[in-house]
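Notes follow the structure.
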Amino acid sequence: MLRANFNFFPWLSVFLFFLLSFYLPSFLQAQTVVPLTCSSETAGKSRADLELILAQCEVEILQQKSILATTKQQSTLLEKAIAELNYNIKTSQLEIKARSIKIADLQDDIKGKTTTIGQLSSKIEDVRNSIAKLIRETNVIENYSFLETILSGQSLSDFLADRDNFSVMNTQLRELAGQLSGLKTDNEEEKLTLEAKQSQEQSLKFAQEKQQRLAESYKLEKQRLLKFTKNQESTYTKEIAERERIKNEIRNRIFRTVGGQELRFEDALKLVFPYENLIGVDSALVLAVLSQESAVGGIIGKNLGKCFYNQTATNSNGTVMANSQKNSFLAIMTELGMDPNTTPVSCPIYKDGQYGGAMGPAQFMPSTWWNIATNSGYKNRIANVTGSSPASPFENRDAFVGTALYLKDAQSVCRTAFSRTTDLWACAAAKYYGGLALRGTTLSNYMYRTSGYGFQVAKRAQQFQKDIDLLMSGV
């Protein structure tokens, strides 16, 4: 027996060797972790996977900064400029991928919230139907008199039992009413969360589109610089100097708002640019709308901030401001601690309407800023963005952000009919001037006639965008 056991071990060794040779590579391969890279491929990825990829994108962005710091030690101006562009191109690509991951993550949340809202709505409908049924039954019992009970031959004990049932049904009714109230509250909270996530998604998509445009411009500039030779270094140096001169001209250009305020273009840009991605509206469009020079025939700027709300005017109410606006205006004045009788507002532009009364650099109407009758308006939305408490239509930053938010609402409507940037700009500007409900021939005239407000704003926004791109360029 002992000899037999010894003879068995060699065969066992051979068997184990072949077993390990066959399975071990596959096992090790299965255990190998594939290194993560920053990728915009999000299909089929779990939330945990997306978070890991996003973290890797951030790591690679930091790596690009390190590479730039090293390569910028090179001696020539051209090489430094190309290194800067390489950094901008690569970083833009990584940021685009990172935003794709965030958008995919948000879309999962939005899908989940939409499902939850659908389920809650279904439960609310079920509870409503149950309440309606109980109300019908309680009404039958309530309207069933004692005399009818005797005449119908129903026994007194049955009648009393029905009365007990009535009490039980009333209790059930109160319970169902409580359930309905709770479900409605949950549903409203879910809807608010959904709206916030949808707004965040729109902001990310806007930032991503802007980053894509920048990446393309960086690539074109790189191609242009690569055509320079080392012997043309002095030519490029002169070009840089000229570009800086133009930048300074843009920065110091006087920017006049439709409300009459004057400030440097760079200062005007600083008021809106930090909120561009958050709101999802191009700074160029906001500044074009706010610029006095974009007004139709210069009429707007000449008529704003020169009147007072109760001043005599030739219209149905006999005052500059319509009666429908006055309560909101007075409430705004009280909140801000301002005197309504000495606070300037716009004069009427009779070719467009009977009344004036618009306030501040962005020329908001009082009820648009805050409608006291409905407790609604842009005031609270602006405060949520800027942190002002309270927001004021007479403060530049609040007014500029208010314009951006209004244009965001206008663009949301315009996107149902237009996709080109210039069309969206013209449409949104037209609605800013004529109201969100503006449509049909009037909208078309504002957008496409060369004298139309929307057309002029879109044209000016294109020039502002070129100026902003130049100011933001690193080279």
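The values are calculated or read from the model by the stated rules, or taken from the named source; none is laboratory data. This structure is a prediction, so every number in the text was calculated from the model and none was measured. Ideal geometry is used to build each Cβ from the backbone, glycine not excepted, and the neighbour counts take in all protein chains shown.
Picking from residues in the range 305-321 that are of a type in the set (Val, Ile, Thr) and not in a loop (DSSP other than H, G, I, E, B), the one that is modelled with the lowest pLDDT is THR312.
Scanning the range 330-362 for residues that are among the hydrophobic types (A, V, I, L, M, F, W, C), in a helix (DSSP H, G or I) and touching a residue at least 24 places away in the same chain (Cβ under 8 Å) returns ALA331, ILE332, LEU336. Any residue in the range 220-239 that is among the acidic types (Asp, Glu) and under 30 Å from LEU285 (Cα atoms)? Looking for residues that are among the acidic types (Asp, Glu) and under 30 Å from LEU285 (Cα atoms), one finds at least one in the range 220-239, hence yes. Suppose we keep only residues that are within 22 Å of ILE246 (Cβ to Cβ) and under 16 Å from the mean Cα position of the chain (by Cα) within the range 263-275. Which one would you say is surrounded by the most Cβ atoms within 10 Å (Cβ to Cβ)? Selected residue: VAL272. Taking the range 247-262 as the range and being among the aliphatic types (A, V, I, L, M) and in contact with a helix residue (DSSP H, G or I) (Cβ under 7 Å, 6 or more places away or on another chain) as the test, the residues that pass are ILE250, VAL258. Set side by side, the residues LEU52, LEU24, LEU20, LEU16 differ, and just one is of a type in the set (A, V, I, L, M), assigned to a helix (DSSP H, G or I) and modelled with pLDDT of 65 or more, which is LEU52.
Condition check for GLU335 on (1) modelled with pLDDT under 95; (2) more than 24 Å from ILE250 (Cα to Cα): one failure, at (1). Quick one: how many residues across the range 363-383 are among the small types (Gly, Ala, Ser) and either free of Cβ contacts under 8 Å to residues at least 24 places away in the same chain or in contact with a strand residue (DSSP E or B) (Cβ under 7 Å, 6 or more places away or on another chain) (or both)? Final tally of qualifying residues: 3. Listed by position, the helices (runs of 4 or more DSSP H) inside the range 398-473 whose residues that are in contact (Cβ under 8 Å) with a residue 12 or more places away in the chain and within 22 Å of THR257 (Cα to Cα) number at least 3 are 421-434, 453-472. Test SER392 against the criterion of being farther than 27 Å from GLU201 by Cα, modelled with pLDDT of 95 or more, of a type in the set (Ser, Thr, Tyr) and touching a Phe, Trp or Tyr at 6+ places or on another chain (Cβ under 8 Å), and give yes or no. When the stated conditions are applied, SER392 does not pass them. Restricted to the range 417-460, and to residues there that are out of contact with any Phe, Trp or Tyr (no Cβ under 9 Å at 6 or more places or on another chain) and among the aliphatic types (A, V, I, L, M), the residue that is surrounded by the most Cβ atoms within 10 Å (Cβ to Cβ) is LEU443. Of the candidates PRO366, PRO344, the single residue that is modelled with pLDDT under 95 and surrounded by 15 or more Cβ atoms within 10 Å (Cβ to Cβ) is PRO344.
Within the range 94-108, the only residue that satisfies the criterion of being surrounded by fewer than 17 Cβ atoms within 10 Å (Cβ to Cβ) and more than 14 Å from ASP49 (Cβ to Cβ) is GLN107.
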